[in-house]
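Asks: I'd like to ask some things about the structure below.
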Amino acid sequence: VKGMAGFSVKKGNQKIFYTGRIVKDNFKKNADRREILQAGAEVFGHSNANTFKMLLTHISELSLVLGLQKKITLVLGNTAIYSQIVNYLKFSTEDKNTLSRLMYLKEEKSIREFLNAKVNKKDIKEILFKLILSFELKEIKSDLLAISKKYKMNLEHFIEETEDIFKYSSHFKNLDLCLDYSLIRDLDYYTGFVFHGYYDRISFPLVTGGAYDHLFEKFSGIEKRACGFAMNIDIIEEINRS
């Protein structure tokens with residue numbers, strides 16, 4: 001994104017594919033870092049459901065080309081759902097980040113204690129708690145629509161986009177999709193859809209991605225939506241050798 005911001009005078013949308021080495025935390029050892037080979041894609045100009053259907057199709061095709069024999073389990077969330085709710089509650093930045101961290105880690109007891117202390121609307125409190133326990137949209141859709149209508153949160157659009165992606169999921173030959181609206185990563189970075197892709201018994205994500213609609217503007221001063229994904233090629237090579 002930073003590199004493309006240098007071409008901010010260029011009109012229209014752009015899509016780029018890349019491979020490159022980056023330094024990341026080594027999940028196998030505490031306080032250790034290592035260089036990994038990463039492949040990915042970035043889209044500049046839009047980050048809607050159609051864009052994510054395209055990105056997930058690329059991930060599915062890339063995983064097959066790279067020799068993965070089993071399907072990637074792709075967990076799809078949308079930070080906008082959470083943001084709409086906590087913005088209605090007028091949470092401070094600190095409270096937003098504290099609750100998002102607890103929900104991302106699914107610390108049920110701490111979440112319940114936090115909500116009891118901070119939220120006095122029972123229906124909103126319950127829907128936030130349900131976000132960590134619901135892995136299919138049908139389990140939570142009616143409750144989300146109810147609070148959206150009652151408190152004028154405009155969640156319908158995000159729900160419809162999620163449904164659109166899941167209806168298209170049969171086109172992803174090597175992906176199994178599941179929903180998790182508590183997949184709330186950095187709220188200062190991600191602005192909408194976000195996902196983690198897991199493979200077999202590996203506990204950390206093989207592929208990650210999402211929408212980051214404010215990032216291009218941060219580097220260029222020009223508003224432009226953006227999204228993308230990154231896949232750990234080194235781990236795939238290890239999988240194929242084992």
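The values are calculated or read from the model by the stated rules, or taken from the named source; none is laboratory data. Because the structure is a prediction, the values reported are computed rather than measured. Using ideal geometry, Cβ is built from the backbone for each residue, glycine included, and neighbour counts are taken over all protein chains shown. These area figures cover heavy atoms from the full protein model, side chains too; ligands, DNA and RNA do not enter into them. Shrake-Rupley method; radii C 1.70, N 1.55, O 1.52, S 1.80 Å.
Asks: Given Cα pairs under 8 Å that are at least 6 residues apart, what percent is the relative contact order of segment 138-242?
Replies: 14
Asks: Hey, any idea what % of the chain's accessible area is carbon plus sulfur with a 1.4 Å probe?
Replies: 49
Asks: Report the relative contact order of the chain, percent, no decimals, based on alpha-carbon pairs under 8 angstrom and at least 6 residues apart.
Replies: 31
Asks: Using only helices, what value at 222 nm comes out for the chain when you add -39,500 (n - 2.57) per DSSP H run of length 4 or more and divide by the total residues, to the nearest 500 deg cm²/dmol?
Replies: Values: 10 runs with 102 residues, N = 242.
Result for the chain: -12500 deg cm²/dmol, rounded to the nearest 500.
Asks: Turning to a different aspect of this structure: To check my understanding: the extent here is largest minus smallest coordinate of the Cα atoms along each principal axis. What are those three numbers for segment 104-177, in Å, largest first?
Replies: For segment 104-177, the Cα spread along each principal axis is 45, 28, 15 Å.
Asks: Now a separate question. Count the net charge of all other residues whose Cβ sits under 12 Å from the Cβ of Glu113, scoring Lys and Arg as +1 and Asp and Glu as -1. Mind showing how you got there, number by number?
Replies: Numbers: positive: Lys109, Arg112, Lys118, Lys125; negative: Glu107, Glu108.
Combined, the nearby Lys, Arg, Asp and Glu give +2.
Asks: While we're on this one: In the chain, which helices (entire DSSP H runs) extend 20 Å or more along their own long axis, judged by Cα positions, while averaging at least -0.5 on the Kyte-Doolittle scale? Don't skip to the end; give the middle numbers.
Replies: Details: long enough: 49-65 (24 Å, 0.78).
Answer set is 49-65.
Asks: May I pose another question? How large is the Kirkwood hydrodynamic radius of the chain, in angstrom, based on all distinct alpha carbon pairs? The partial results should precede the final answer.
Replies: Working: mean 1/r = 0.0524 Å⁻¹.
This gives a value of 19.1 Å.
Asks: In addition: Taking a point 7 angstrom from the Cα of Thr57 along the C-beta vector, which residues in segment 171-200 have backbone N less than 13 Å away?
Replies: The answer is 171-173.
Asks: For segment 100-242, what value does the Rg/Rh ratio take when both radii are computed over Cα atoms and Rh is the Kirkwood radius, given to two decimals?
Replies: 1.00
Asks: In nm, what is the difference between 0.36 nm times the number of residues separating Ile22 and Ile202 and their Cα-Cα distance?
Replies: Computed gain between Ile22 and Ile202 is 62.8 nm.
Asks: What accessible area per residue, rounded to a whole number of Å², is obtained for the chain using a probe radius of 1.4 Å? Don't skip to the end; give the middle numbers.
Replies: Details: 12850 Å² over 242 residues.
For the chain, the solvent-accessible area averages 53 Å² per residue.
Asks: Calculate the tail of P(r) for segment 52-135: the fraction of all Cα-Cα distances greater than 21 Å, expressed in %.
Replies: Details: 1479 of 3486 pairs.
Considering segment 52-135, 42 percent of its Cα-Cα pairs are separated by more than 21 Å.
Asks: Okay, next question. I need the semi-axes of the equivalent ellipsoid of segment 82-131: take the C-alpha gyration tensor, multiply each eigenvalue by 5, square-root it, list largest first in whole angstrom.
Replies: Numbers: eigenvalues 40, 33, 20 Å².
Each semi-axis is the square root of five times an eigenvalue, giving 14, 13, 10 Å.
Asks: Over segment 141-221, what lengths in whole Å, largest first, do the semi-axes of the equivalent ellipsoid take, defined as the square roots of 5 times the eigenvalues of the alpha-carbon gyration tensor?
Replies: 24, 21, 13
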